[in-house]
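Novice: Have a look at this one before I ask anything.
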Amino acid sequence: MGWHKPLPLLVQELATAPPCVAITLFNMIILDPVKVLKYGLEEAGHGKWPHTSLDKATKLHMNRFRQSYGVGPNAIVEVAKDLQSEDLLGNDLAIKNLTLKDLLMSLSWLKSYPKEHNHAGKWKVCENVARKKTWRYLKSFQGLKDHKVKWIIPDPNHPPDEIFICSVDGIHCQISEIRTDPNKDLCSYKNKKPGVVYELGIAVYESKLVWINGPFLAGISDLTIFRSQNGLKSKIPFDKRVIADEGYVGESNGVCSTRNPLDTKEVKQLKRRAKARHEVFNGRLKDWEILAQRFRSTRDSLTKHKTVFEGCCVLQMYDIEDGNELFKV
């Protein structure tokens, strides 16, 4: 199937192609969301889906798919397109031989985080192949970070005198203890287990993640991370503020706006909703089992966890753009 064929013929071939086959257009694999849903449900053990339109997909079908791969079929189509782009990823990270099976296998690992033998057995490949292909895709997910996680661009729909630009909070993830480099700061003050913490910033007036910083050892406070060199504090203009919880109360110059009994009713409501939607985003990240469970790698664990965490953040942005937006403040 080539790009030089008439469009009606390409559409007809796409509709009748086997589930794991897609059109090649300008040397790029173009996936069809219907085929993605069909193939994904079948690989997840839910049998064959007989329809030819996503309009026929019930909430149950979509829930089954998302519980297996973390995002919906439309988001996966967009991810696949960008994974093949050398303009976005460069020659080293762009995946030139992308297949739907390998993409879903990588998403499935992030979503369910099975043991390596179970992961390889489910996808009917050897452990070495499953490991290499999965990490290849994970590094490319991470490579899309600069494309999907961008600092705030002023919105002309909001008045320039609006001072609140984003909410900030830390999210803790458990990792295996680093026995070759013991450090008391690795212990999370939240769950008293080894872990790391990432600082996230979410725009107040847009459903967008705009800042990721980390990993830091989980014993380090949110405020210390906020004040760190090239940290979020350095990004905030002098006349703007971030909405934060009580963990940031010590910031003396007022750049962190926490709960204040002198706030008006409207400002109190704004802060409550901004912090609540931030927790919703953190909760969505923990829906990826690889972030909810203890990360099992003990070699280069911080580097690998950073790859996994940033990859999941990127996938969440694709999911938000697919229609699963955060609620408005």
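The values are calculated or read from the model by the stated rules, or taken from the named source; none is laboratory data. Remember, it's a predicted structure, so these values are computed and weren't measured experimentally. Note that we place each Cβ from the backbone using ideal geometry, even for glycine, and neighbour counts take in every protein chain shown.
Novice: If you check TYR113 against the conditions, is it closer than 21 Å to GLN316 by Cβ, crowded, with 21+ Cβ neighbours inside 10 Å and aromatic (Phe, Trp, Tyr)?
Specialist: So TYR113 fails the test.
Novice: Within the range 261-278, can one find any residue that is under 18 Å from CYS173 (Cα atoms), crowded, with 20+ Cβ neighbours inside 10 Å and either hydrophobic (A, V, I, L, M, F, W, C) or in contact (Cβ under 8 Å) with a residue 12 or more places away in the chain (or both)?
Specialist: yes
Novice: Select from the range 111-157 the residues that are in contact with a helix residue (DSSP H, G or I) (Cβ under 6 Å, 6 or more places away or on another chain), of a type in the set (S, T, N, Q) and farther than 22 Å from GLN84 by Cβ and list them in ascending order.
Specialist: Once the filter is applied, which keeps residues that are in contact with a helix residue (DSSP H, G or I) (Cβ under 6 Å, 6 or more places away or on another chain), of a type in the set (S, T, N, Q) and farther than 22 Å from GLN84 by Cβ, the range 111-157 yields only SER112.
Novice: Take LYS139 and decide whether it is more than 16 Å from the chain's Cα centre (by Cα), more than 18 Å from ASN213 (Cβ to Cβ), outside any loop (DSSP other than H, G, I, E, B) and among the basic types (Lys, Arg).
Specialist: No; evaluated as a whole, the condition is false for this residue.
Novice: On to the next question. Filter the range 16-37 down to the residues that are modelled with pLDDT of 90 or more and assigned to a loop (DSSP other than H, G, I, E, B), then identify the one that is surrounded by the fewest Cβ atoms within 10 Å (Cβ to Cβ).
Specialist: ASP32
Novice: Could you check, for the range 59-66, whether at least one of its residues is at pLDDT 90 or above, more than 26 Å from LYS139 (Cβ to Cβ) and polar (S, T, N, Q)?
Specialist: yes
Novice: Look at the range 194-209 and say how many of its residues are surrounded by fewer than 19 Cβ atoms within 10 Å (Cβ to Cβ) and within 17 Å of PHE309 (Cβ to Cβ).
Specialist: 0
Novice: Then there's this: Inside the range 226-329, counting only helices (runs of 4 or more DSSP H) that do not spill past its ends, which hold 2 or more residues that are at pLDDT 90 or above and touching a Lys or Arg at 6+ places or on another chain (Cβ under 7 Å)?
Specialist: The qualifying helices (runs of 4 or more DSSP H) are 289-292, 301-321.
Novice: One residue is enough: does the range 198-220 have a residue meeting the conditions more than 21 Å from the chain's Cα centre (by Cα) and among the basic types (Lys, Arg)?
Specialist: Checked against the condition, which is being more than 21 Å from the chain's Cα centre (by Cα) and among the basic types (Lys, Arg), the range 198-220 yields no hits at all.
Novice: So, one more: Give the range 84-110 a look and list any residue that's farther than 15 Å from ILE29 by Cβ, surrounded by fewer than 18 Cβ atoms within 10 Å (Cβ to Cβ) and among the polar types (S, T, N, Q), or say none.
Specialist: Scanning the range 84-110 gives a single hit, ASN91.
Novice: Just name the residue that is farthest from MET105 (Cα to Cα) out of those in the range 42-58 that are surrounded by 13 or more Cβ atoms within 10 Å (Cβ to Cβ) and acidic (Asp, Glu).
Specialist: It comes out as GLU42.
Novice: For the range 180-189, does any single residue satisfy the condition of being surrounded by 18 or more Cβ atoms within 10 Å (Cβ to Cβ), in a loop (DSSP other than H, G, I, E, B) and among the polar types (S, T, N, Q)?
Specialist: So far as the range 180-189 goes, yes, one or more of its residues are surrounded by 18 or more Cβ atoms within 10 Å (Cβ to Cβ), in a loop (DSSP other than H, G, I, E, B) and among the polar types (S, T, N, Q).
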